[in-house]
Amino acid sequence: MYSYHGTIRVLVQVLWAHLLCGWTFGSELTFELPDNAKQCFYEDITIGTKCTLEFQVVTGGHYDVDCRLEDADGTVLYKEMKKQYDSFTFTAAKNGTYKFCFSNEFSTFTHKTVYFDFQVGEDPPLFPNENRVTALTQMESACVSIHEALKSVIDYQTHFRLREAQGRSRAEDLNTRVAFWSIGEAFILLVVSISQVVLLRSFFSDRKTTTTRVGS
């Protein structure tokens, strides 16, 4: 039977292993992509490694971007045009440096904010002897469940943060458009009012009459 200190030690091990897994086996970044620009990233991958590329445009324009993934020999593994978000999973067929690029070259004046998460490989086992023949103890099974639940929580938090940022961007953009539309309506109303006043005054103004004297 586990003691209290032993339970705390195992839980701390779970949290620390989870943090190390998130830090070692993935690249997660949010960056600015200017108009008419292209940004590439590189990752060294060994053969047989399972990888997942997930991206989403957070702000800017129609929330779309071009994405392209190439292997070490330049072979195109994934290519999509004007995508708002997508996910692609593949297994590396060769060793080398893989390249994935995001392009905003089709946009002439709108910059984008892009988020991507590039996961390389599988998470290592939580316990060194997790793959042993004998079954896990109740405490070890609980720790594995907590570990999986924590990963799910982090994924959900990331997606909710992206949705919140995208919603806030849409709301600010809509607020700006409404403000400009209101200013335009006020200006048009002012011009129409002044024009009506000038037109009404012209109806009641005295007109000079000219008299032509006809000589005999």
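Rule-based calculations on the coordinates, nothing more; no lab input. Quick caveat: nothing in here was measured; it's all calculated off a predicted structure. Every residue, glycine as well, gets a Cβ built from its backbone with ideal geometry; the counts of neighbours run over all protein chains shown.
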Please give me the summed charge of the neighbours of ARG170: other residues whose Cβ is under 12 Å from its Cβ, Lys and Arg +1, Asp and Glu -1. 0
Check LEU33: other-chain or 5+ apart residues with amide H under 5 Å from its amide H, H built from backbone geometry? LYS112, THR113, VAL114
Could you please report the charge total around CYS40, scoring K, R as +1 and D, E as -1 over all other residues with beta-carbon less than 10 angstrom from its beta-carbon? +2
Amide H within-cut-off set for SER107, under 5 Å, with H built and near neighbours excluded: ASN36
